[in-house]
Amino acid sequence: MRLLGYLRPFIGLFLLSTVLTVIMTGLDVFSLVLVIPLLQNLFGTGTALTGPQATILERALDFVAGGFIDAGSPLESLRNVCLLVLGAIVLKNAALVGSRWAALSVREGVERDMREDVYNHLQLLPLSYFGQTKVGQLLTRVLTDTRAARDAISYGLADVIRKIVTALVYTVVLLLTSWQLTIVALAMVPVLAVVLAPLLKRLRTGFRDALDKQGELLSVLQENVSGIRLVKSFGAEDHERRRFAAISELYRRRNLKTSVLSDLASPLSETLSSVVALGLVWIGAWMVLGEGSLTAEQFLFFVTVALQLISPLKAIADYPAKLQLSMAAADRFYEILDVPIEPPGGSITAAVPTRDIRFEDVSFEYEPGSPVLEGIEVEVRPGEVLAIVGPSGAGKTTFVDLLPRFIDATSGGITLDGVDIREFTLSSLRELFGVVSQETVIFHDTVRRNIAYGDPDRWTDEELRAAARAANAEEFIDDLPEGYETVLGDRGVRLSGGQRQRIGLARAILRDPPILILDEATSSLDTESELLIQRALDRLLTGRTVFVIAHRLSTVRGADRILVLENGRMVESGTHAELYDCGGTYRRLYDLQFTQPD
Ligand SMILES: Nc1ncnc2c1ncn2[C@@H]1O[C@H](COP(=O)(O)OP(=O)(O)OP(=O)(O)O)[C@@H](O)[C@H]1O
Ligand SMILES: [Mg+2]
C-alpha cells in the first residue's frame, strides 16, 4: 500500500496503459471469434451466425460484420474473414506498443523516484547511522532493492492487470459459448490457490535472506577494493578469497532455494490446467457427439479460447510468487526510509558568537555505560585559539564533533552566547564552522571544485587562489598537469597525504568561517610545510575562534590555551608556559617529544 504512493505521479500513464490493454484484449477476442465463421466456411456448413444454435457472441459478430463476412461464396467469405483478422492483429499490436511504452515509463519513473527518495533520506541520517551500517548494504538498498520493489507496483502490476482483464474477458466469452464447460474449467482456480498459499509465505523470507546476502557480498567487495593495498602487502589474497567465497556460497544457496520454490508455482499450475483441459475435451466431446447441445465449430472455438486463457491464468497464478521478491525488497527499502532523520534542530538562526562558547558539564558516550567524555567544563572566548592535546583515544575528536552537532552530548550541553546549540537550526549552526577533519576526503572532481566544494560558483578565482596560498597548496597545484582544472580522486590524479591535507585546509579557509576546527590538519606535513602553514594560519586565525587538535606539540605552543584530555576527562588547562611549569601530563608528553634518546 505504501509502495502504491509512488504510482501517484504516473497515474495518467498507468491508466493509459491499462486502457490500451483492454482495447488489445477486445481486439484479441474479436479475432478469436472470427474463428467461428472461418471454420463454418471451411467445413462447408455455410455461415450460420444466426442459426437456431448460435450463441450471443455469434449473433454479435453477425451484427457487427455479418454483411462483410457473408460474401456469397465460401472462398470470398474466407478472404474477408482473413482481412478482418489481419486488421485486428495490426491494431492490437499498435496498442501493444503504446501500452508497453506507457508501462515502461511508469516503471522507470517509479524506480527513479524511489532511488532518489532513499538517497536523499540517507543524506539526512545522523552520522551514527553510517557507523553501524555496511556500505555494501546501503548500495544494494539504493540500487537493487528499489529495482526489485518497483515491479510490484508498476510493470508487474500493469502486467497483471492486463492478464486479469484478458482472463475476465475470455471467461465471459467462454460463458457465452457454453456455461457448463466453463464451470468445469474454473474448478481449478480454488485448488490452485490452496496449493500455492504455503509456498508464498516461504518465498518472502527466502527472498529477504537472499537480498541480505547480496548486500554482504557487496560489502566484502567494497572493503577489498578500497583496502587492496593492505591485502597485497599482507599477502592476504587467499584470506580474502575465502571470505568472499563463503558469503558467495551462502548467497548461492539462498538463491537456489528461492528459485526452486518460485519455479514450483509454474509446474503446479500447468499440471492442474492440463487435468482441466483433458476433462474439457472429454465432456465437450460428449456434448457434441452424444447430447448435441454444442456444434463442432463452437466446441473447437471453446477449446481455442480456453487454450488462450491458460497463459494469462498462469501469469496471474505466478504473480504472487514474483510479488514476494518485490515485497522482500520493499521491506528493506522502507527499513532505511523509516530510520528517523537527524532532527533539524531548533528554530533560532545561529549568528557569529560575540561572547563565549561554553561547555557545561558535558558528558558523552557512544555505548551506554562507557563514557568517552565526562564532566567537561570549558569556556572559549571569541578569537581564542584553543588547543586540545592528549593521548590517542582520549576523546579529542569526540570533543570537537559535539560543536557542529555531529553527535549530541549525552548529558550537559554547549552554549553559544548563552543559547544552547540545540536551539539553533542545524544548517545555520553548521554554517559557523569550518572543519578540517583527521581524514581528508577528496572527491572525484577538479581541484577547483574540490576546494570550492558544494558551491563552485560562489567564489572568484582570486579568492580560490588566496585560500590555496594560505594552505601552502598553491605551488603543487600549479605543478599539476591542468592546474586548478586537474581532476583528482579515484580515476584522476592521486595526491600524497600531505597534499590532500592542504586541499582540505584550503577548503575550510575559503569558507572563511568564524569558528575553525582543525583535527590533526597538518599531521601529514613535513616540518617545513607545517611551519609555513602555521605562519599563514597565524595571520588567518586572528579574529577567529579556533579549536586545534595536534599530536605534534610544537604546533600548539602558540595557542592561547591548551586543554589536556586524558581518558575523557579534562586534566589540565592553561598556556604552554603554565602547563610546562606545573609539570603534569602536558610536561611529560612534551618532554617525551623533545628529548633526544641517548
Ligand atoms: N563511532 C564510535 N563509536 C563507538 N566508539 C567510538 C566511536 N568513535 C570513537 N569511539 C571511541 O571513543 C574514544 C575516543 O575517540 P576519539 O576519536 O575522540 O579519540 P581521539 O582523542 O580523537 O584519538 P586520536 O588522537 O587517535 O584521534 C575511543 O576510545 C574510541 O574507541
Ligand atoms: Mg581523533
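Quick notes
- Among residues of segment 416-439 being within 20 Å of Leu541 (Cα to Cα) and within 14 Å of ligand 1 (Cβ to nearest atom), the one that is modelled with the lowest pLDDT is Gln438.
- Every residue from segment 160-205 that is farther than 30 Å from Val260 by Cβ and of a type in the set (Ser, Thr, Tyr): Tyr170, Thr171, Thr177, Ser178, Thr182
- Some residue of segment 104-118 being outside any helix (DSSP H, G or I) and either surrounded by 15 or more Cβ atoms within 10 Å (Cβ to Cβ) or of a type outside the set (Phe, Trp, Tyr) (or both): no
- Pair list, Cβ < 6 Å and 6+ apart or interchain, from segment 112-134 residues that are of a type outside the set (Ser, Thr, Tyr) to residues that are within 16 Å of ligand 2 (Cβ to nearest atom): Leu127/Phe406
Conditions tested, residue by residue: (1) within 23 Å of Asp445 (Cα to Cα); (2) crowded, with 18+ Cβ neighbours inside 10 Å.
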position	(1), (2)
Gly483	yes, no
Asp490	yes, no
Gly504	yes, yes
Asp526	no, no
Ala559	no, yes
Asn567	no, no
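- Qualifying positions in segment 368-415 - within 15 Å of ligand 1 (Cβ to nearest atom) and of a type in the set (Val, Ile, Thr): Val372, Ile376, Ile388, Val389, Thr397, Thr398, Val400, Ile407, Thr410
- Within segment 409-427, the set of residues being buried (at least 16 other Cβ atoms within 10 Å of the Cβ), more than 25 Å from Ile562 (Cβ to Cβ) and either touching a helix residue (DSSP H, G or I) at 6+ places or on another chain (Cβ under 9 Å) or not aliphatic (A, V, I, L, M) (or both) comprises Arg422, Phe424.
- Contact annotation: residue pairs with Cβ atoms under 9 Å, 6 or more positions apart or on different chains, pairing a residue in segment 472-487 that is closer than 20 Å to Ala508 by Cα with a partner that is part of a loop (DSSP other than H, G, I, E, B) and acidic (Asp, Glu), are Val487/Asp445.
- Within segment 496-510, the set of residues being more than 16 Å from ligand 1 (Cβ to nearest atom) and either farther than 19 Å from Asp401 by Cα or among the hydroxyl-bearing types (Ser, Thr, Tyr) (or both) comprises Ser496, Gly498, Gln499, Arg500, Arg502, Ile503, Ala506, Leu510.
- When Thr555, Thr522 are checked against the criterion of being within 16 Å of ligand 2 (Cβ to nearest atom), over 16 Å from Ala468 (Cα atoms), crowded, with 20+ Cβ neighbours inside 10 Å and among the polar types (S, T, N, Q), a single residue qualifies: Thr555.
- Within segment 274-291, if we keep just the residues that are over 17 Å from Trp179 (Cβ atoms) and without any contact (Cβ under 8 Å) to a residue 40 or more places away in the chain, the residue that is surrounded by the fewest Cβ atoms within 10 Å (Cβ to Cβ) turns out to be Gly290.
- The set of residues in segment 119-167 being in a loop (DSSP other than H, G, I, E, B) and either aliphatic (A, V, I, L, M) or surrounded by fewer than 17 Cβ atoms within 10 Å (Cβ to Cβ) (or both) consists of Leu125, Pro126, Lys134.
- Selected residue (criterion: nearest to Leu553 (Cα to Cα)) from residues of segment 360-402 that are assigned to a loop (DSSP other than H, G, I, E, B) and more than 14 Å from ligand 2 (Cβ to nearest atom): Glu384
- Criterion (in a loop (DSSP other than H, G, I, E, B), outside the structural domain of Met570 (by TED's automatic domain parsing), small (Gly, Ala, Ser) and more than 16 Å from ligand 2 (Cβ to nearest atom)) met by exactly one of Ala285, Ala329, Ala350, Ala315: Ala350
- For first residues located in segment 385-404 and acidic (Asp, Glu), partners that are more than 7 Å from ligand 1 (Cβ to nearest atom) and lie 6+ apart or on another chain with Cβ distances below 6 Å form the pairs Asp401/Ile407.
- Within segment 349-379, the set of residues being under 39 Å from the mean Cα position of the chain (by Cα) and surrounded by fewer than 15 Cβ atoms within 10 Å (Cβ to Cβ) comprises Thr349, Ala351, Val352, Tyr366, Glu367, Pro368, Gly369, Ser370.
- Of all the numbered requirements in (1) over 25 Å from Met327 (Cα atoms); (2) in contact with a Leu (Cβ under 8 Å, 6 or more places away or on another chain); (3) β-branched (Val, Ile, Thr), Ile153 misses one, and that requirement is (1).
- Scan of segment 115-140 for residues that are touching a Phe, Trp or Tyr at 6+ places or on another chain (Cβ under 7 Å) and within 11 Å of ligand 1 (Cβ to nearest atom), ordered by number: Leu127
- Unique match (being without any contact (Cβ under 8 Å) to a residue 40 or more places away in the chain, of a type in the set (A, V, I, L, M, F, W, C) and under 30 Å from Arg162 (Cα atoms)) among Val260, Val305: Val260
- Test for Leu537: is it away from ligand 2 (no atom under 16 Å from the Cβ), aliphatic (A, V, I, L, M), assigned to a loop (DSSP other than H, G, I, E, B) and modelled with pLDDT under 85: no
The values are calculated or read from the model by the stated rules, or taken from the named source; none is laboratory data. The model shown is predicted, which means the values in this text are computed figures rather than measured ones. Neighbour counts run over all protein chains shown; Cβ positions are idealised from the backbone, glycine included.
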